[in-house]
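Visitor: Sending over a structure as structure tokens; questions will come in a sec.
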Amino acid sequence: MLSHSDIVSRIRNKGYTKRDAEVILRDVFDVIAEALVNKESVRIYGFGTFSVKERKPHPVRSVRSGELGMTSSFLVPRFTAGSLLKRAVKEGFLRK
């Protein structure tokens, strides 16, 4: 699994400074997060789409008391892979 610092290192290998790589990565994640908070979808051609989905209320059982209750509806982030990303993973390499 790649960590944040691993991704920054790989961006650095593409010719950016460590500082620039960190700023770029943080800014991209911030823009995506801000859009999702505002219930907007973010589509990156070939890579995928980030969106927000509402989870409906559903029954849950308390672990401690065993009582049955209902959750509230809530929003969850969602990612759907794009066709180019799916193909790259399936074939094991990126086409340029």
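Visitor: Scanning segment 14-61 for residues that are of a type in the set (Ser, Thr, Tyr) and in contact with a strand residue (DSSP E or B) (Cβ under 8 Å, 6 or more places away or on another chain), which turns out farthest from residue 74 (Cα to Cα)?
Guide: Here is the first cut: in segment 14-61, the residues of a type in the set (Ser, Thr, Tyr) are 16-17, 41, 45, 49, 51.
Those still in the list that are in contact with a strand residue (DSSP E or B) (Cβ under 8 Å, 6 or more places away or on another chain) too: 41, 49, 51.
Values: 41: 17, 49: 20, 51: 14 Å.
So the residue we want is 49.
Visitor: Please pick out the residue among 52, 76 that is of a type in the set (A, V, I, L, M), exposed (fewer than 12 other Cβ atoms within 10 Å of the Cβ), within 18 Å of the chain's Cα centre (by Cα) and part of a strand (DSSP E or B). Walk me through it before giving the result.
Guide: On the way: 52 fails: exposed (fewer than 12 other Cβ atoms within 10 Å of the Cβ).
Of 52, 76, the one residue that is of a type in the set (A, V, I, L, M), exposed (fewer than 12 other Cβ atoms within 10 Å of the Cβ), within 18 Å of the chain's Cα centre (by Cα) and part of a strand (DSSP E or B) is 76.
Visitor: Further question: Of the numbered conditions (1) under 23 Å from residue 34 (Cβ atoms); (2) open to solvent by less than 70 Å² (accessible area, probe 1.4 Å); (3) of a type outside the set (Asp, Glu), residue 92 fails exactly one; give the number of that condition.
Guide: Going through the list (1) under 23 Å from residue 34 (Cβ atoms); (2) open to solvent by less than 70 Å² (accessible area, probe 1.4 Å); (3) of a type outside the set (Asp, Glu), residue 92 breaks only (1).
Visitor: Let me ask something else. Across segment 1-46, which residue is least open to solvent (accessible area, probe 1.4 Å) among those that are outside any helix (DSSP H, G or I) and of a type in the set (Lys, Arg)? Walk me through how you get there before you give the answer.
Guide: So the first thing to find is which residues in segment 1-46 are outside any helix (DSSP H, G or I), and the list is 1-3, 13-17, 38-46.
In the following step, the residues that additionally are of a type in the set (Lys, Arg) were identified as 14, 39, 43.
On the way: 14: 159, 39: 144, 43: 193 Å².
Only one residue tops the list, namely 39.
Visitor: Please specify each residue of segment 63-73 satisfying the condition of being part of a strand (DSSP E or B) and of a type in the set (A, V, I, L, M). Walk me through it before giving the result.
Guide: Initial filter on segment 63-73 (part of a strand (DSSP E or B)): 68-70.
If the condition is that a residue be part of a strand (DSSP E or B) and of a type in the set (A, V, I, L, M), then 68, 70 are the ones that fit.
Visitor: Residues in segment 46-96 that are on the phi < 0 side of the Ramachandran plot and without any contact (Cβ under 8 Å) to a residue 24 or more places away in the chain: how many? Working first, answer last.
Guide: Applying the first criterion (on the phi < 0 side of the Ramachandran plot) to segment 46-96 yields 47, 49-65, 67-91, 93-96.
Pick out the ones that are also without any contact (Cβ under 8 Å) to a residue 24 or more places away in the chain and you get 54-65, 67-74, 86-91, 93-96.
Number satisfying all stated conditions: 30.
Visitor: Among the residues of segment 55-73, count how many are open to solvent by 100 Å² or more (accessible area, probe 1.4 Å) and either of a type in the set (S, T, N, Q) or over 29 Å from residue 33 (Cβ atoms) (or both).
Guide: Result for segment 55-73: 5.
The values are calculated or read from the model by the stated rules, or taken from the named source; none is laboratory data. What you see is a predicted model; the values in this text were computed from it and never measured. Note that each Cβ is placed from the backbone with ideal geometry, even for glycine, and that neighbours are counted across all protein chains shown. Only protein heavy atoms, including side chains, enter the accessible area calculation; ligands, DNA and RNA are left aside. Shrake-Rupley method; radii C 1.70, N 1.55, O 1.52, S 1.80 Å.
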